[in-house]
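Visitor: Can you keep this structure in mind? I'll have questions shortly.
Values in this text are rule-based calculations from the coordinates and carry no lab data. Given the structure is predicted, the values throughout are model-derived calculations rather than measurements. We place every Cβ from the backbone using ideal geometry, glycine too, and count neighbours over all the protein chains shown.
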Amino acid sequence: MTVSLPVPDTEGIYTFPDDLVRAHQEWTDHLVKRHRSHDHHVIELMAPHNGRPHFIELRHPAGRPVLAIEPHHDDFALSASGTFLAHPRPLTVATVFTRSTSVHPTLEDAYTAEDVVSGLRDREGAAALAPLGATRVLLGYKDADPPYQPYSQDRLEQITDELRDVVDAHPDAELLAPAAVTRHPDHLLVHEAAVRLGCRWFWEDLAFWSTYALAACDQHLFRARTGTGTGTGTTMATELVDITDVILDKTTVLRMHGSQMHPARKMYRPIRHAWTTAADLPTGTGTYAERFYRTESP
């Protein structure tokens with residue numbers, strides 16, 4: 001089935017989400033029919049907060065395993081899930097900060113305690129990764145509370161040691177981690193830990209696009225971090241992955257990771273960023289993309 005994909009106009013930040021909702025519903029209707037006809041390649045997912053059913057094709061990983069180290073339950077789904085929907089590989093996702101009190105403001109009365117919020121975020125993370133057949137490793141740390149402060153060296157050392165055990169348990173896996181083009185201390189810490197563990201492949205932090213894309217100081221941070229490296233004497237070369245063919249499935253993944261978001265269009269911000277990223281693609285290769293960085297020796 002071919003679904004007409006939305007193309008943002010100059011006011012796409014306002015009109016694009018409605019077009020994406022329409023296209024996603026058409027795709028969902030098609031998958032529902034396949035599921036009802038007992039097509040076992042299509043699985044049903046339940047959005048953790050509202051229990052709404054969604055449908056997606058189950059992926060069949062192949063090739064070299066990947067160990068993705070993410071700060072929070074949603075970071076991999078936001079920033080790299082399209083790539084792995086398009087090119088499935090055996091995947092393990094290690095989540096460092098799995099305890100949280102951060103929930104959408106409209107739900108603060110319903111999710112009032114850390115264990116309740118953390119449980120919701122955990123279920124969202126599991127649902128988002130289910131189509132990829134990913135194995136999950138949860139480290140159990142509490143995420144940073146605003147106003148954000150620099151992470152401590154003691155915590156960096158402790159988390160690095162724990163992640164080293166995870167890396168050692170996956171000796172054949174390629175490491176993937178956030179590029180940390182943001183000031184969030186959890187992202188900065190995980191990035192530094194991953195670098196210490198030999199990671200050379202990083203995803204762009206799409207959740208923070210609205211921050212560093214608009215503020216001059218954050219644009220400077222973005223260029224500094226991706227242009228001059230991370231203090232290890234390396235540079236980071238841009239790598240774009242065309243995810244046009246799976247953009248509607250990524251929309252389903254975003255509905256899992258952000259089942260608490262209201263209105264639903266708020267969870268499409270990474271899709272809008274994928275459109276801006278795609279402007280860097282060679283002509284004719286696609287509309288949507290995710291951006292990664294690989295380090296190179298000087």
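Visitor: Want the number for ASP168 to GLN25: 0.36 nm per residue separation, take away the alpha-carbon distance, what's left?
Guide: 47.2 nm
Visitor: Related question: Short version: ³J(HN,Hα) in whole Hz for each residue of segment 170-179, in order, from phi by Karplus 6.51 cos²θ - 1.76 cosθ + 1.60 (θ = phi - 60°), x for Gly and Pro, what are they?
Guide: Listing the rounded values in order: 10, x, 9, 7, 7, 7, 9, 8, x, 6 Hz.
Visitor: May I pose another question? Calculated FRET efficiency, VAL7 and ASP154, Cβ-Cβ r, R0 45 Å, to nearest 0.05?
Guide: 0.35
Visitor: Going through segment 38-140, which GluC sites (Glu not before Pro) have at most 15 other Cβ atoms within 10 Å and a DSSP loop state?
Guide: Passing sites in segment 38-140 are GLU108.
Visitor: I would also like to ask the following. Whose amide H sits under 5 Å from the amide H of LEU175, counting only residues 5 or more places off or on another chain, with H placed in the peptide plane?
Guide: HN-HN under 5 Å from LEU175: LEU67, ARG200.
Visitor: Just to verify a number: FRET efficiency for ARG99 and ARG294, C-beta to C-beta distance, R0 = 35 Å, to 0.05?
Guide: That pair, ARG99 with ARG294, gives E of 0.65.
Visitor: For the pair THR135 and ASP39, what calculated FRET efficiency results from E = 1/(1 + (r/R0)^6), where r is the Cβ-Cβ distance and R0 = 25 Å, to the nearest 0.05?
Guide: The pair ASP39/THR135 has a calculated efficiency of 0.50.
Visitor: Still on this structure, please answer the following. Arrange the peptides 77-85, 147-155 so that the one whose residues have, on average, the most other Cβ atoms within 10 Å appears first.
Guide: Listed from highest to lowest mean packing, they are 77-85, 147-155.
Visitor: Could you give the length gained by full extension between MET46 and GLU114, i.e. 0.36 nm per residue of separation minus their alpha carbon distance, to one decimal place?
Guide: Result: 22.2 nm gained on full extension.
Visitor: Quick check on packing: order 90-97, 167-174, 61-68 by the mean number of other C-beta atoms within 10 Å, highest mean leading.
Guide: Per-residue mean Cβ counts within 10 Å order the peptides as 90-97, 61-68, 167-174.
Visitor: Could you pull out every residue, at least 5 positions away or on a different chain, whose amide H is within less than 5 Å of the one on HIS104? Hs are placed 1.01 Å off N in the peptide plane, and Pro or chain starts have none.
Guide: none
Visitor: Which far-off residues, 5 or more places away or on another chain, put their amide H under 5 Å from the one on VAL137, with H placed in the peptide plane?
Guide: VAL93, ALA94, THR95
Visitor: Moving on to the next point. Once you have the Cα-Cα distance between ASP161 and ASP18, take 0.36 nm times their residue separation minus that, and quote the gain in nm to one decimal.
Guide: 47.0 nm
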